[in-house]
1. Ignoring any ligand, DNA or RNA, what whole percent of the accessible area of the protein assembly as shown comes from carbon and sulfur when the probe is 1.4 angstrom?
2. Work out how much length B:Glu420 to B:Asn68 would gain on full extension: take 0.36 nm times their residue separation and subtract the Cα-Cα distance, in nm to one decimal.
3. Tell me the relative contact order for region B:230-353 as a rounded percent, counting alpha carbon contacts under 8 Å between residues six or more apart.
4. Could you tell me how far the Cα centroid of region A:331-352 sits from the Cα centroid of region A:196-253, in Å?
5. Angle check, please: helix B:445-455 long axis (alpha carbons) against the longest principal axis of chain B (alpha carbons), in degrees 0 to 90, nearest 10.
6. Starting from region A:302-398, pick out the trypsin sites (Lys or Arg not before Pro) whose DSSP state is loop and whose Cβ has at most 13 other Cβ atoms within 10 Å.
7. Once you have the Kirkwood Rh of region B:416-474 from its Cα pairs, apply Stokes-Einstein at 25 °C and 0.890 mPa s and quote D in µm²/s.
8. Using DSSP loop states and a limit of at most 16 other Cβ atoms within 10 Å to flag GluC sites (Glu not before Pro), what is the longest stretch of chain B containing no flagged site?
Amino acid sequence: MLDNLTILEASKLIDEKKVSALEITNSYLKKIEDSKKLNCFITVSHDKAVHAAKETDNRVSKNNRIGPMDGIPLAYKDLFCTKDTLTTASSKILSNFIPTYESTVTNNCINKGAITLGKLNCDEFAMGSTNKTSFYGPVVNPWKSLDSDEELVPGGSSGGSAASVAADLCIASIGTDTGGSIRQPASFTGAVGLKPTYGRVSRWGTIAFASSLDQAGPISKTVEDAAILLQTISGHDNKDSTSSQKPNEHYFSNLNSSVKNLKIGIPKEYMSDDLPLEIQNYWNEGKKILSENGAEIIEISLPHTKTALPAYYIIAPAEASSNLSRYDGVKYGLRTNEKNLIKMYESTRSDGFGDEVKRRIMIGTYVLSSGYYDAYYLKAQKIRSLIKKDFDNVFKDVNAILTPATPNTAFAIDKEEKDPVKNYLNDIFTVPINLAGLPAISIPFGLDKKGLPVGMQLITNSFEEQLLLNIAKNIQDSINFKNEPKCWWK
Amino acid sequence: MDDWQTVIGIEIHAQVNSKSKLFSSSSTDFGSAPNTQVSLVDAAMPGMLPVINKFCIEQAIKSGLGLNAKINNKSIFDRKNYFYQDLPQGYQISQFKDPIVGEGSVEIEIEGITKTIGIERLHLEQDAGKSLHDQDPNLTFVDLNRSGIALMEIVSKPDMSSSDEAIAYVRKVRSILRYLDTCDGNMEQGSLRADVNVSVRKKGEELGTRCEIKNLNSFKHIGAAINFEVDRQIKIIERGEQVKQETRLYEVVSNKTRSMRSKEDAHDYRYFPDPDLLPLQLEQDWIEKIKKSLPELPDEKKLRFINFYKISGYDAEVLTSDRRISEFFEEVAKNRSSKLSVSWVASELFAVLNKLNLNIENSPVSSSQLGELIDEIENGTISNRAAKEVFEEMCNSEKSVKDIIDDKGLVQISDTSEIEIFINKVLEDNPENVEKYKNGKTKLLGFFIGEVMKATKGKANPGLLNQIVKKKLDN
């Protein structure tokens, strides 16, 4: 009864007092304990979770339940600072860091009664799309190929957030998305992953990767749960100057699945012969479903799509190189003792950061250097505004855009990719959305011939998350996909 | 030496007068115990974000208006990246390409000649923390109380050509900021410090290579550092060598500047717009409102003092260079002789303040007390000389002016018959001198007056005394 629960289902059970929050929480804690092979969690907050569950039960007994999130066990990417709980960003350099404060995102969840099961593994400082850059080792995708026993990547950087939902180690999770870090792993694990409009969710207390692109969002089993979670974590925050003043919306209660008379754009630049046939087929099926349900499908053009990836890999590392300067061994985190300051910086940062993080710090430092700034950073910013303009133009004609979420499905953890640029291609469909600051959602469509989940991406204009969720729900209801990988890991 | 020209440009770092920091709500109290005024943001804890303090923006706008400068409706905060132990973020939030305040100017006056010094810009930035190297033989400690405090960097154009002009410029800017209450101007506490760029050239030649002397925190040091540097650079060029572009430090003990780092060692700060902060957009209405609220500034006030109080340009300058002094003076001078008021404030009171190393806010004599004293002079109760004695007592006691006059018996003798008694006695006692006077040695008048003053213990009304003695001798 307590397996594969959605937020809505669990909420109903708690409301009807059929199950206590503590029973649900304990069942998840047990599953987490039994699923160490997947390496989803860096920290399990056992005591915190049990304590919070008892508080929920106490409220329920007094008929004072806060709302649908009260008593729901969640887990958070280890990028969200959690008070008195280890917060590492999956990096050695923060492997001893215990914040004295709670991020706005996790605090919003806690205030609605959600239970913190623990902190989820991810790529180091969210840099990666495989989860292999984590200091704590790779997360393993609960899904496996039909024809192989190889362990697969869950995608990244929110790999633990996606895998833990697919393996049912939490009811839902929160990740962050800088260039696809929610949508790509959601796609690789058959989950629903939503990246909100830049500014919809506060970044306060979330360890920064690239400040102008980072945005937290939910990973869940259903679109309904995504709506509830988005509503829970969104809203203006005085502590984040880039947080939007727009009032929060009731995404869940306003959810309706009608797509009648909507215009859905299909960007021709996203079509490519390299795209695996099955992904193309699911894309076509998406068009068919939406069309049959009353939407109009229109081919559109986003002419600067090709330049998005190079621009992203200049802007994101540039910001990261500066954001990560604070990890210097002086104030908190790892410090390697040395005779002088410069040596201390060198050994602390050499020892504390992994290769991918170092690579991006170096790229970022380079592109901001005097003499290179105009050729790289400034040009990338200009491209960024052209990409935004592309979308602005298209949204004059269409309500939403449908694309694949990723150019591939999950691949083997052992597959060594020597060329980092090839890894960066995983983000090709997701990166332009971050550059434009738009909301997008990845929803599971089905399995490829190896039996691995394929996700499609929907994009809408800024702050049109409601429309995004509505269209996603329409597709979800038409497809009836079950994110229930065969359990091999216990 | 005569054909050498000096070119000086100055960057003033002025701490914004504000209770809280530029991007956090921590207090800016000076002298608090180390690391007690530090928020999560100031310590650059993971995930922390800066939020602009609107009051600091208002202070920067005020300062810009006070410097006759253009306020930019849109400005951008940039990150200036470098590593240092007392820079927790690994970058300083500053303004690089788009500062909040653009071009402006101030006027300085040297020996009666007015010169306009151009302002290039004013921008806002965060201060760093403080490294304490003297607490332990092997360790450096870091105090983050200063970390994140708002500074205004005011960059002049290279319009100054002597150390006197440089000092006059810094004095003027400091005075304006203090008038506006946007910086307390306390140089000892480091609230206002200057980086001075100096170069020399032969008349008519192109600009020479400049050196920057960092962190000068007194007018004396500014003058001494410039004079040393000019001399040093001229000697280098006259030896046929070239001045190297570098950053230098002024050492007080040796009164010399020494090299700190060369141009080659200069940091590449990798400036870029801070993505945590949106561009700063200022409503014109707000700027206009601030403009209307500006107080009278030193230049205007000086003119008014000259015209209204009929005092000299020099006195007006002295009395208006500091807002508190000007206010003190106006309280004293209200409905009183401006000549007496100037003399008592600018000479007597300043001498005491200088001697006790106090500023006007801590003056031992209040403006109303000083006013009372002047009243007693004006209505003839006491002589100027007696007033000095009263004033001295006022500086050391809480007693009222009247009580001091009574206690010391200083009431002036203005009764003609009483003064005559003293005069007659002196004339009788000095017949030879009376004789000499009458034979033409009129200089002896002072002798007689002095003797009477001695006899009356200085209490004789000097005007009357003068008049009567003369009359008696001339008859």
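1. The value for the protein assembly as shown is 49 percent carbon and sulfur by accessible area.
2. Full-extension gain reported as 120.5 nm.
3. The normalised contact order for region B:230-353 reaches 11 percent.
4. About 35 Å separates the Cα centre of region A:196-253 from the one of region A:331-352.
5. 90
6. On the way: sites: A:Lys306, A:Arg326, A:Lys331, A:Arg335, A:Lys339, A:Lys343, A:Arg349, A:Lys358, A:Arg359, A:Arg360, A:Lys379, A:Lys382, A:Arg384, A:Lys388, A:Lys389, A:Lys396; in loops: A:Lys331, A:Arg335, A:Lys339, A:Lys396.
Those satisfying the criteria are A:Lys339, A:Lys396.
7. 220
8. Segment B:1-102 is the longest.
The values are calculated or read from the model by the stated rules, or taken from the named source; none is laboratory data. Quantities reported herein were computed from a predicted structural model and do not represent experimental measurements. Don't worry about glycine lacking a Cβ; one is built from the backbone with ideal geometry, like all the others, and counts go over all protein chains shown. Ligands, DNA and RNA are excluded from the accessible area calculation, which covers all protein heavy atoms including side chains. Shrake-Rupley method; radii C 1.70, N 1.55, O 1.52, S 1.80 Å.
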